[in-house]
Amino acid sequence: MAQAEEARARLCAAHGWPDSAVELVPVIASGDKVQDRALAEIGGKALWTKELDQWLADGTIDAAVHSLKDVETVRPDSLAIAAVLPRADKRDRLVGASSIAGLPQGAVVGTSAPRRAAQLLHARPDCTVVTFRGNVATRLAKLQAGEADATFLAAAGLERLGRSDVGHALDPADWLPAPAQGAIAIECRAFDERARDLLAAIDHAPSRAEVMAERALLLALGGNCHSPIAVLCDLDGDALAMRAALFSPAGQERIDGEARFAAGDTEAPARLAADLLARAPTGIAAFFAGPPK
């Protein structure tokens, strides 16, 4: 809802509308209804989008607000990402310790993200990972109840909730985020020219360039909810600088790559993906299907 409020505020500001011009329609996504299992075990990222997709299809809503890192890489042709809002903090925050090195020996860390689990276990194989799902308040309550010694939260989500005081930001030089982390996307029906034109007014081209490059890498890797991938793309002048890492699920193996290319070049992320997969050991490659056939 905080993301929807931001989308409405930006849309109204761009067009000189009062807040009442844009109605917010809340939805409880399937991904929020099941909290005791990892997302990958119960249907993956589609659990965050299917209700909104249906509402768009039947005309209940004109646009859907998504956290883009939770949106499937391949989307229906009937839908279009009409706007990407200015990207917020891309980093993860660690709650319960000041750094990965500062975690106590044998620490129990709560997360349901394969990327976070693998990246943690690569750096700290002495730690134990337990499944943590739920919104920010739920995860912090679990931590307070002693279910784990530490957990991870996206800095952008905490910022949008006014909780930037929670946890310690992890340096992207050492700890890479998820593809499209920190980005809000707004989808509409692909054929709805009026909605697309209205939403285009709040599309942030630099943020779009970064996240679409990260999603192009993910597509070429054939990654899914079980695939531990971390990537960060930063706009540097007219070029994009991308760093990516693939892991085996338990973190024993890691492969890294970098690329620099022009904004809008979707072939460069695909070439980096091909290079990563060519160098990846079996323990990593088995979790990536490669580019779509």
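The values are calculated or read from the model by the stated rules, or taken from the named source; none is laboratory data. Being a predicted model, the structure only gives us computed values, none of them experimental. Please note: Cβ atoms are built from the backbone with ideal geometry, for glycine as well, and neighbour counts cover all protein chains shown.
Could you say which residue among Phe132, Phe152 is without any contact (Cβ under 8 Å) to a residue 24 or more places away in the chain, among the aromatic types (Phe, Trp, Tyr) and not assigned by TED's automatic domain parsing to the domain that holds Glu6? Lay out the reasoning, then the answer.
Details: Phe152 fails: without any contact (Cβ under 8 Å) to a residue 24 or more places away in the chain.
Phe132 is the lone residue from the list that is without any contact (Cβ under 8 Å) to a residue 24 or more places away in the chain, among the aromatic types (Phe, Trp, Tyr) and not assigned by TED's automatic domain parsing to the domain that holds Glu6.
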Expected single match for in contact with a strand residue (DSSP E or B) (Cβ under 9 Å, 6 or more places away or on another chain), over 24 Å from Pro292 (Cα atoms) and free of Cβ contacts under 8 Å to residues at least 60 places away in the same chain among Ala213, Ala209, Ala205 is Ala205
Being among the acidic types (Asp, Glu) and surrounded by 22 or more Cβ atoms within 10 Å (Cβ to Cβ) narrows it down to one residue among Glu147, Glu159, Glu214, Glu193; which is it?
Glu214
So Leu246 clears everything in (1) at pLDDT 95 or above; (2) under 22 Å from Trp175 (Cα atoms); (3) surrounded by fewer than 16 Cβ atoms within 10 Å (Cβ to Cβ) except one condition, right? Which one?
(3)
Can you tell which of Gly167, Gly182, Gly223 is buried (at least 20 other Cβ atoms within 10 Å of the Cβ) and modelled with pLDDT under 95?
Gly223
Across (1) surrounded by fewer than 20 Cβ atoms within 10 Å (Cβ to Cβ); (2) within 30 Å of Ala14 (Cα to Cα); (3) touching a Gly at 6+ places or on another chain (Cβ under 6 Å); (4) not acidic (Asp, Glu), His122 clears everything bar (2)
Give the residues of the stretch 254-276 that are in contact with a Gly (Cβ under 6 Å, 6 or more places away or on another chain) and surrounded by 18 or more Cβ atoms within 10 Å (Cβ to Cβ), sorted by residue number.
Leu272, Leu276
Here the residues within the stretch 188-242 that are among the small types (Gly, Ala, Ser) and over 21 Å from the mean Cα position of the chain (by Cα) are Ala190, Ala195, Ala200, Ala201, Gly237, Ala239
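Given the stretch 196-293, what helices (runs of 4 or more DSSP H) lie entirely inside it while holding 1 or more residues that are touching a Lys or Arg at 6+ places or on another chain (Cβ under 7 Å)? Let's see the steps before the verdict.
Numbers: elements: 205-221, 267-279, 282-285.
Helices (runs of 4 or more DSSP H) meeting the threshold: 205-221.
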